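Shown next, in structure tokens, is the structure this report addresses.
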Amino acid sequence: MGFFDFMTEDIAIDLGTANTLIIHNDKVVIDSPSIVARDRISGKIIAVGKEANLMQGKTHENIKTIRPLKDGVIADFDASEKMISLFIKSIPALKKRMFTPALRMVVCIPSGITEVEMRAVKESCERVNGKEVYLIHEPMAAAIGIGIDIMQPKGNMIVDIGGGTTEIAVIALGGIVCDKSVKIAGDVFTNDIVYYMRTQHNLFVGESTAEKIKIQIGAAIEDLETPPEDMSVQGRDLLTGKPKQVDVSYREIAKALDKSIQRIEDAVMETLSQTPPELAADIYNTGIYLAGGGSMLRGLDKRISQKTDLPVYIAEDPLRAVVRGTGMALKNLAKFKSILIK
């Protein structure tokens, strides 16, 4: 086994709808948008990650940008495989190797995923030389990444708002007691903003611009203590067809996102209502933990707190909580063997 161990590399992957993160040797080595650009004629992948992201919405008919993951699951098998393989090949430490080493990997998956979708993730990994592939549920990984001791007989509630799905789970004794996965997350927020700009300002903006708006001035409540500055947004005027600029405030974005955030709140409430009483008692004391990029929406913690009457905490570096947890599970395979899906 010794020689084989030397040949094997361990990597942890958070295959997200919006971003893919990879940990190798306890370092985040890849943190890139989950997007590839393909040449229509030759079918070759011409760019991946940040490079492909810059092309989004600016392509001519010979280039197509693809987001291979939709709602947290693989929608385009071929593109996702190429994307994973290109990301792994671009890990600095593996670049020096003469040939691709065998990989032992832990990949995280949404909790509401079907058998077939699970197999798609596994096969994608096996095709890029994954010899041992373990899967871990996203809320579990997030909990480990936040620093919760998930093996304790204590209830903890995790809300992980990603790009494609929001995963809500109550975790105790190294298992998920009750969970809910809703397809309302970052991408829906972005589309809400596009729709709002169109209906309220007669301004047609692209997805990338809407995403920028969300990050710069996105909010979940209309009265923030430290409000961000208004933002100038450029797009196409729907009436004249000319490019134009509009100033937008965070209050408008809070209005635009209100309906979607309500649906996340409802899902949290529903999960709480399904929680066994002993665990509900624990959650009353521990509160709710938020992870994922969506948790960075200004005032969302406060809003969920007001709705649930519970303390709400945001994970430090919420974008990386899941991949950190996946990496920890990989390091302590023996300890977490029970929660990994082989």
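Which of the residues spanning segment 85-110 are in contact with an Asp or Glu (Cβ under 8 Å, 6 or more places away or on another chain), surrounded by fewer than 20 Cβ atoms within 10 Å (Cβ to Cβ) and not hydrophobic (A, V, I, L, M, F, W, C)?
The answer is Pro101, Arg104.
Out of the helices (runs of 4 or more DSSP H) lying entirely within segment 195-287, which hold 3 or more residues that are under 30 Å from Gln152 (Cα atoms) and of a type outside the set (Phe, Trp, Tyr)?
Details: elements: 207-217, 250-273, 277-286.
Hits in segment 195-287: 250-273, 277-286.
Looking at segment 313-342, I want the residues that are in a strand (DSSP E or B) and have a partner that is open to solvent by 60 Å² or more (accessible area, probe 1.4 Å) with Cβ atoms under 9 Å, at least 6 apart or on another chain. Which pairs are those?
These pairs meet every condition: Ile314/Met296.
Checking Val312 against (1) modelled with pLDDT of 95 or more; (2) farther than 18 Å from Ile171 by Cα, which single condition isn't satisfied?
(2)
Would you point out which residue out of Ser85, Ser42 is outside the structural domain of Gly206 (by the TED database) and within 16 Å of Ile23 (Cα to Cα)?
Numbers: Ser42 fails: within 16 Å of Ile23 (Cα to Cα).
Within the list Ser85, Ser42, the selection yields Ser85.
The values are calculated or read from the model by the stated rules, or taken from the named source; none is laboratory data. All values reported here derive from a predicted model rather than from experimental measurement. Note that each Cβ is placed from the backbone with ideal geometry, even for glycine, and that neighbours are counted across all protein chains shown. Just so you know, the surface numbers come from the protein's heavy atoms only, side chains and all, with ligands and any DNA or RNA stripped out. Shrake-Rupley method; radii C 1.70, N 1.55, O 1.52, S 1.80 Å.
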